[in-house]
1. Between Thr29 and His48, how many nm apart are label points set 7 Å from Cα along the C-beta direction?
2. Sort all Cα-Cα distances of region 4-79 into consecutive 5 angstrom bins from zero, then give the percent of pairs in each bin up to the one containing the longest distance.
3. Counting other C-beta atoms within 10 Å, and keeping those with at most 10, which DSSP coil trypsin sites (Lys or Arg not before Pro) do you find in region 1-79?
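Quick note: the coordinates plus some simple rules give every number you see, no bench work behind them. This one's a predicted model, so the numbers in the text were calculated from it and none came from an experiment. FYI the Cβ positions are ideal-geometry reconstructions off the backbone, even for glycines, and counts take in every protein chain you see.
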Amino acid sequence: MYVYVFDHEEDKMVTHSSELNYLFAPDKTSDPLLNKRMQTWWTNFAIHHNPNGLSSPPLWPTIPKILRITKSTPKAEDWPNPEKCQYWEGLLNGKFMRECQTSTKL
């Protein structure tokens, strides 16, 4: 399972779906490198079920880590709000925590 936090637009308020311009309307953005990265990640996920594709080492971690997408280099970091896991637990019928536990054992 892959999770990301998009806070690339530090000078603006980032809202739900702010990242979609980088995927589908790159002419409306000011960061061609991020356009390419995001298009590659989403394409890799569609083809390989993994946003890293076949690259090694992977940039985008699996949970319990997340990928934080900022104006600088995207980076892996710890899950920022572990208390919010309960929300996902309810939606995914327990799969979220099982996935976290499996990922930490790798």
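1. Output for this residue pair reads 1.9 nm.
2. In whole percents, the pair-distance histogram is 3, 15, 24, 28, 19, 8, 2.
3. On the way: sites: Lys12, Lys28, Lys36, Arg37, Lys65, Arg68, Lys71, Lys75; in loops: Lys12, Lys71.
Answer in residue order: Lys12.
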